[in-house]
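J.: Would you mind keeping the following structure in view while I ask a few things?
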Amino acid sequence: MNDKLHELSESELAQLIDSAQKTLRDRQHGKRKEVIAQIKDMASKIGYSVELTEISTDRIVGSSRKGSKVAVKYRNPENPKHEWTGRGMQPKWLRELIEQGRTLEEFGV
């Protein structure tokens with residue numbers, strides 16, 4: 001098989017790859033459908049119903065948490081634009097106020 005691949009042109013290789021990827025996606029989709037049917041069947045046998053939603057694996061890239069927003073936990077009362085979620089390093093404005101004797105709890109939202 002490897003020798004035959006070396007004989008193919010670039011466009012023939014690209015077509016082969018596209019065809020293989022489509023075949024793989026179709027097989028995976030079929031297996032997912034089978035598993036979903038089995039889960040629903042097993043649930044119904046014990047008196048439950050299950051609704052499953054298929055997630056497109058084409059959209060899954062990296063972490064699902066990437067870009068998620070975190071609520072603000074601390075805000076500077078003197079300048080509301082200064083906020084901190086409590087994650088990462090303490091911002092300079094907060095660090096300076098704490099060094100002046102104020103407490104973190106004073107700035108809680």
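J.: Every residue in the range 28-54 that is at pLDDT 70 or above and not in a helix (DSSP H, G or I), please.
T.: I46, G47, Y48, S49, V50, E51, L52, T53 - these are the residues of the range 28-54 that are at pLDDT 70 or above and not in a helix (DSSP H, G or I).
J.: With respect to the numbered conditions (1) of a type outside the set (F, W, Y); (2) part of a loop (DSSP other than H, G, I, E, B); (3) at pLDDT 90 or above; (4) surrounded by 10 or more Cβ atoms within 10 Å (Cβ to Cβ), which one is the sole condition not fulfilled by G86?
T.: (3)
J.: I17 is checked against (1) in a loop (DSSP other than H, G, I, E, B); (2) modelled with pLDDT of 90 or more and fails just one. What number does that condition carry?
T.: The failed condition is (1).
The values are calculated or read from the model by the stated rules, or taken from the named source; none is laboratory data. Computed from a predicted structure; not experimentally measured. Positions of Cβ are backbone-derived with ideal geometry, glycine not excepted, and every protein chain shown enters the neighbour counts.
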